[in-house]
Every structure is written in structure tokens, then in C-alpha cells.
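Shown next, in C-alpha cells, is the structure this report addresses.
The values are calculated or read from the model by the stated rules, or taken from the named source; none is laboratory data. Because the structure is predicted, anything quoted here is derived from the model rather than measured. Here the Cβ is made from the backbone with ideal geometry for all residues, glycine too, and neighbour counts use every protein chain on show.
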Amino acid sequence: MHYPHLLSPLRAGHLTLRNRVVMGSMHTGLEDRASDYGKLAEYFRVRARGGVGLIITGGIAPNRSGWVKPFAGKLSRRGEVARHRLVADAVHGEGGAACMQILHTGRYGYHPLLVAPSAIRAPINRFKPRALSESGIRSQIADFAACAVLAQDAGYDGVEVMGSEGYLINQFLSVRTNQRDDDWGGSLENRARFALEILRAVRQRTGPNFLLVFRLSGLDLVEHGITIEDTCALAPQLAAAGANMLNTGIGWHEARVPTIAGVVPRAAFSFVTRRIKAVSPVPVIASNRINMPAVAEAVLANGDADAVSMARPLLADPDWVNKAAAGRARNINTCIACNQACLDKVFRNEKATCLVNPLAARETELRLTAVEPRAARRIAVVGAGPAGMACAVALAQRGHAVTLYEREAEVGGQFRYAREVPGKEEFFETLRYFSAQIADLGVQLRLRTSATADLLAAEKFSAVVLATGVRARQPAIPGIEHPRVITYPQLLARERQAGASVAVVGAGGIGFDVATFLTGEAQPRPPLPDSPQATPEAASLLPAAHDEFWREWGVDTSIRQPGGLSSPQQPAQGRKVFLLQRKAGRLGAGLGATTGWIHRRSLLQRGVVMRGGVSYERIDDAGLHITSEAGAECLAVDSIVICAGQESVTDLQPQLAARTIECHLIGGAQLATELDAERAIRHGTELAARL
């Protein structure tokens with residue numbers, strides 16, 4: 001049996017889950033409008049069909065004060081039940097179990113109706129909460145219980161009560177946010193009363209045959225957070241109050257320690273769950289950066305948890321469990337922890353999807369329907385970057401005959417450069433996935449082949465897709481041909497090495513990646529996707545050692561300090577790096593909402609000098625001459641790395657048009673702005689769905 005711990009059944013309350021994989025709660029935006037619940041039901045249906053043992057929905061508020069934002073998902077009225085029944089029925093129809101998460105945001109909600117234990121504004125919110133009165137607290141407890149009853153009426157197998165990540169219940173538990181001097185504040189007994197009374201009320205209203213999961217903050221990662229001693233003392237009390245399972249959350253939203261981004265090593269926080277499991281009388285679920293079966297199996301085999309929670313990995317691949325059970329881990333479309341299409345979109349008030357799987361949360365809108373054999377076409381895809389690989393695979397899935405041309409020796413295009421950047425090693429997994437799909441679907445892959453117009457015409461393809469990508473743009477700086485100048489492809493492909501001091505020209509996403517590459521610890525280069533060593537198990541060893549992460553970000557793994565924080569240790573400084581941009585203002589303003597701060601802080605810790613409003617005058621033997629508010633100066637650097645944008649490669653388009661060959665542009669070939677793999681993969685998949 002593959003992954004015997006992961007795929008074994010688990011008894012939880014009145015249920016026996018078919019395996020130990022929990023789809024953790026994640027907001028998609030489909031929860032917020034009644035008209036989207038059909039889409040939400042299909043989203044969960046395909047993941048239940050994919051073998052998940054227990055699915056937990058995105059957060060649903062028990063009342064208006066608990067809203068994430070105005071008119072966000074809520075269940076407080078009988079008229080709201082029917083839409084939720086669609087979700088429960090969809091999951092049950094595929095043999096799965098479903099819990100609805102009850103989430104009260106407390107001071108984190110983005111609206112003026114906020115309530116909290118104390119009137120303390122969150123540093124990430126402009127709205128200040130109102131402190132709850134005694135009667136207000138009792139009303140909130142009643143609303144949690146009423147919400148659970150409505151969820152039970154909708155057909156859910158249970159609910160998860162959200163008590164972590166700095167939301168309302170967590171706010172009561174922590175002295176950081178609970179400064180009350182009544183029966184609901186002060187001692188742990190008083191601070192825990194709100195959580196325990198909610199569980200007792202829910203259990204009393206729903207009876208014994210209803211799964212009750214409590215999501216407990218295992219590590220707050222904020223000053224004056226809860227201690228591990230308090231957490232371990234609380235765990236058995238939560239079980240006694242009615243909880244059948246304890247899920248674990250890591251970090252508050254205002255924490256300045258990464259918890260789910262790619263810089264976080266895999267299963268980095270299982271040491272927290274191990275402490276809780278040792279004292280818990282009910283099953284404990286581990287979470288955060290568990291994205292492949294070998295990693296999940298190791299967590300369970302080590303005794304760190306009884307089950308594993310994954311949200312984004314199941315967004316990336318709904319068939320994750322079935323593939324693991326069949327021994328096909330190489331075919332899993334792995335979550336690369338980029339946040340670009342999921343959490344970043346939610347923060348922009350858009351619906352979530354997935355960079356590596358654009359069908360995610362769009363299952364009713366973007367379909368790869370099989371073509372009739374007589375309608376199958378012979379299609380050439382030129383360029384095996386993200387857009388080309390996605391298009392070729394999706395076309396083959398539909399039944400078309402596809403030939404994929406790539407002039408380099410391996411697939412990936414500029415996506416290959418990302419895997420060289422510390423913290424982005426996971427990008428290798430996407431190359432491994434597409435390589436496996438290309439081989440298994442029978443796509444004819446022709447590496448080291450330049451697809452000329454004559455070649456394509458001679459092959460008599462019915463259509464050609466140009467996914468030829470971009471080339472690095474060379475700015476018109478006098479001296480740009482100087483030997484000290486290196487393009488970012490030359491650097492990240494390791495064709496050229498930079499010196500001890502470097503100026504990076506351009507501070508977009510690529511500039512930040514280059515600065516990270518220049519200042520980070522060199523990681524082993526992942527094996528090529530077609531090599532025998534290119535397995536998920538091998539790739540799981542690639543991220544930086546856990547200890548280095550803890551030291552850099554100030555995490556106390558002994559959890560002696562409240563919140564689990566220690567003093568960050570500045571990494572050893574190697575190169576001197578200047579990160580420059582023409583535009584005035586803060587560098588990195590266009591980076592992802594949930595990861596940009598990580599990149600900025602990490603580079604500052606490494607001593608990178610960031611400067612905006614710079615004019616590039618010339619490059620010569622003395623270095624890079626610039627002008628800024630400080631006046632004219634010369635940066636006497638050994639190397640200048642150019643990250644000044646890209647230009648589309650479309651040379652083939654007019655040649656194919658002259659031969660009246662049907663031609664389609666996708667990805668960077670269509671639009672060369674900042675490198676955007678999410679857009680490229682989406683373009684490729686959407687075109688494949690239309691052809």
C-alpha cells in the first residue's frame with residue numbers, strides 16, 4: 001500500500017474518515033454570493049471525487065459582526081440553508097465528508113461592525129472594534145450554536161469552529177487582544193471561557209452525531225501571544241467541551257513570520273502539532289506547507305499528527321489523494337506556495353483560482369471537454385514555457401494530436417529561472433508535473449528544435465500556437481555592452497557569475513528574485529524532470545534547512561516565549577547588492593499582497609540597499625554611474641545585472657500569416673509585461689479549451 005499512514009481510515013467522533021487527508025478551510029470568494037454556490041458545490045465535488053477524507057469549507061460568519069467583509073458568507077437565517085445543502089450534497093455524492101467552518105473575524109473583519117474582547121484596533125485594519133459586553137458575549141455564543149444547527153440542517157457532517165489565526169476566539173485567548181478584567185479576561189481559565197462555552201453550546205444544540213472540529217492556534221507568532229503551556233492545557237479542555245478533533249493554525253495575520261509562503265520549509269510547523277498531540281485525547285491535524293504525499297506520510301509516521309490539512313495543494317490538484325493512492329505522485333500538480341492566484345486575488349477582492357491549475361474554482365466555466373475523434377486536430381505548440389506546456393497538455397487531454405517544439409534542451413522556458421531562486425525551489429515541481437503529463441498524454445516533445453515557418457508548413461498542422469515567450473530587454477544605457485553587464489537569464493541559468501558587489505537594474509519581481517539569488521544560500525540544483533532522481537520524494541529535500549529558517553525569522557521552536565518568537569539572526573552577508581529602479585517610491589510595491597513583505601524584509605536583513613528614483617547615466621570601468629535625489633554618483637560594483645523588462649518573441653507570426661496558417665499567440669508572446677506564469681498558464685489552458 002502506498003503511504004500506509006496517510007491512506008488509513010481515521011475515527012473522528014461518530015464518523016470514520018476514509019483517509020487522513022483533510023481539505024483545510026480556504027476562502028475562494030464563491031462563499032459570498034448565493035448565486036455562486038452551484039460553482040462552489042462543483043468545486044468541492046471534484047475534490048471529494050479526488051479522494052479527500054474530510055472537506056472543510058471556507059469561513060462562514062455566524063452573524064454580521066463576524067463578516068470577513070460586507071455581505072460575505074454568512075449562515076444565520078433559515079433562508080440561507082438551501083445554498084449550503086448544495087455543497088453538502090455534492091461532497092456526499094462522491095463519498096466524502098464535509099464540515100462548514102464557522103468563522104467570526106472579530107477585529108480582523110473589513111467593515112465597521114467589528115466586535116472584539118477589547119477595543120484594540122488590529123495593525124492591519126483601519127476599523128476599530130467595539131468591546132463586547134457580557135450580554136454581547138452571550139449573544140455571540142448563541143449565534144455560534146445557532147449557526148451550527150443551521151449547518152446541520154443543511155446536511156453538513158459537522159462544523160469547524162475557527163479559534164486560530166488571530167480571529168475572534170483567538171483574540172479572547174490572547175492577552176495581546178484581551179485586556180478585560182471580568183470573567184472573560186485575565187487568567188487562562190477566564191480567557192478560554194469563550195471558546196469552551198461555544199463548544200458546549202454547539203454540542204448541546206447539535207447532539208453527539210455531529211463532528212465538531214476546533215481550530216486551535218498552535219503558534220501565534222506575535223508578541224504577547226499564547227504560550228505552548230497554555231495551549232497544551234487547553235487541548236484536553238476543548239475535547240471535554242465537545243471537540244472531536246483539533247485542527248492547528250499557525251500565526252496571526254499580523255505576524256511578521258512567513259507561515260505558508262514558499263520560503264517556509266515543508267512541514268515546518270509539525271513540531272508544534274507534536275506537542276499538542278501528546279496531550280490531546282482526540283485526533284490532531286497538522287497544517288501548513290504539507291504539499292506532497294511523502295511529506296504528509298512522514299508527518300504521520302513520525303507521530304507528529306493524526307491527520308494532515310491541505311488547502312492550496314488540493315486547489316492545485318483535486319485528484320491529489322487518488323494519485324497518491326495509485327502510486328502516481330509524479331503526476332500530482334503540486335502547490336508551489338506562490339499565493340499569486342489564490343490568496344493574493346482574495347486580498348484584491350477577486351475570486352481565487354490557482355497559478356498551476358486555472359480550472360480551480362472555475363470548474364463550471366472552464367472545461368476541457370473531449371473532442372469527437374473525427375474532430376481531433378493536429379496542432380503544433382511552439383515554446384515549452386508555462387503557456388506552451390499548459391496548452392499542449394490541455395489540448396492532449398481533450399484528444400488533439402499535439403507536437404510541442406522547444407529550442408532548448410529542457411522544458412520550462414523562463415520558469416526554469418525561478419527554481420534557482422532561494423525560496424522558489426518548489427517551482428521545480430511544476431516542471432516535473434508538466435513533463436510527466438507530456439509523456440503520459442503522448443504529446444510529441446521535440447527538444448533542441450527551432451520550429452521554423454518552413455518546418456511547420458511542411459508538417460501541415462491545422463493550427464499553430466505560438467508560446468514563444470519573451471526575451472530580456474536591454475535598456476539604452478551608454479556602456480550596456482560592457483563586460484561587467486550580465487542579463488538576468490545569463491545569471492539565473494548560471495552561465496555567468498556575479499562579483500562581490502552587484503547593482504541590479506530594475507526592481508520588479510525579477511529584480512527581487514535576482515537580489516535574492518545573489519544574497520541567498522546556494523541550494524542544490526533540482527534534477528531535470530526526466531532524470532531518475534526527479535521524484536517528489538527527492539524534491540521534498542530541496543528547501544533550505546528548517547534551522548536556518550527559524551534563525552532568520554526569529555522562531556523559538558522550544559516555544560518558551562509567549563507567541564513562540566525569538567530574536568531574528570541576520571544572515572551572513574556575502575555580496576554587496578544595490579537594487580535600483582527608475583520609478584520613485586517604495587521598491588516592490590507591485591509584488592504580491594501576501595508575499596511582497598517577505599521579499600522586502602528578507603533582502604533588507606541581508607543588507608541589500610534599495611533605491612528608487614534613479615537615472616542610469618552610463619556604465620564603464622569605474623562601475624554604474626547614476627543620478628538620484630542625492631545627486632550624481634558612481635556605484636563601484638563588480639557586476640551590473642539587467643532586469644529591465646522583456647519583449648515578446650513573435651518573429652514567426654508574420655511568416656505563418658504569409659502562409660495562411662492558423663496561428664494563436666499566448667503567454668508572454670502575446671503580452672510581455674512583468675513575467676506572469678499565472679497568466680501564461682491560464683492563457684494556454686483557455687485557448688486549449690476553445691480549439
>> Checking the conditions here, which among Leu211, Leu238 is surrounded by 22 or more Cβ atoms within 10 Å (Cβ to Cβ), farther than 21 Å from Gln171 by Cβ and in contact with a strand residue (DSSP E or B) (Cβ under 6 Å, 6 or more places away or on another chain)?
In response: Leu211
>> part of a helix (DSSP H, G or I), free of Cβ contacts under 8 Å to residues at least 60 places away in the same chain and more than 15 Å from Tyr3 (Cβ to Cβ): is that true of Arg289 in this structure?
In response: no
> Assuming Val21 fulfils every condition listed in (1) out of contact with any helix residue (DSSP H, G or I) (no Cβ under 6 Å at 6 or more places or on another chain); (2) over 12 Å from Gly95 (Cα atoms) apart from one, which condition is it?
Replying inline: (1)
>> Would you confirm, using the coordinates I've provided, whether Asp181 is assigned to a loop (DSSP other than H, G, I, E, B) and either on the phi < 0 side of the Ramachandran plot or crowded, with 19+ Cβ neighbours inside 10 Å (or both)?
In response: yes
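Would you mind finding the one in Glu229, Glu197 that is among the acidic types (Asp, Glu) and under 32 Å from the mean Cα position of the chain (by Cα)?
Going through Glu229, Glu197 in turn, just one is among the acidic types (Asp, Glu) and under 32 Å from the mean Cα position of the chain (by Cα): Glu229.
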> Does Ile124 satisfy being touching a His at 6+ places or on another chain (Cβ under 8 Å) and hydrophobic (A, V, I, L, M, F, W, C)?
Replying inline: yes
>> Of the residues Phe71, Phe144, only one is modelled with pLDDT under 95 and either more than 23 Å from Trp184 (Cα to Cα) or crowded, with 19+ Cβ neighbours inside 10 Å (or both); which?
In response: Phe71
>> Quick test of your reading of the structure: Asn333 fulfils all but one of (1) surrounded by fewer than 18 Cβ atoms within 10 Å (Cβ to Cβ); (2) under 20 Å from the mean Cα position of the chain (by Cα); (3) closer than 23 Å to Ala436 by Cβ; (4) not aromatic (Phe, Trp, Tyr). Name the failing condition by number.
In response: (1)
> Quick check: is even one residue across region 633-644 under 30 Å from Glu552 (Cα atoms), out of contact with any helix residue (DSSP H, G or I) (no Cβ under 8 Å at 6 or more places or on another chain) and among the polar types (S, T, N, Q)?
Replying inline: yes
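Tell me the strands (runs of 3 or more DSSP E) entirely within region 459-511 that contain at least 2 residues that are at pLDDT 95 or above.
463-466, 485-487, 501-505
Could you please let me know if Val91 is farther than 15 Å from Leu150 by Cβ and assigned by TED's automatic domain parsing to the domain that holds Asn291? Show your work before the answer.
Values: farther than 15 Å from Leu150 by Cβ: yes; assigned by TED's automatic domain parsing to the domain that holds Asn291: yes.
Judged against the criteria, Val91 is a match.
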> Name the residues in region 334-369 that are closer than 18 Å to Asp676 by Cα, in a loop (DSSP other than H, G, I, E, B) and of a type in the set (A, V, I, L, M), would you?
Replying inline: Ile336, Ala337, Ala341, Ala352, Leu355, Val356, Leu359, Ala360
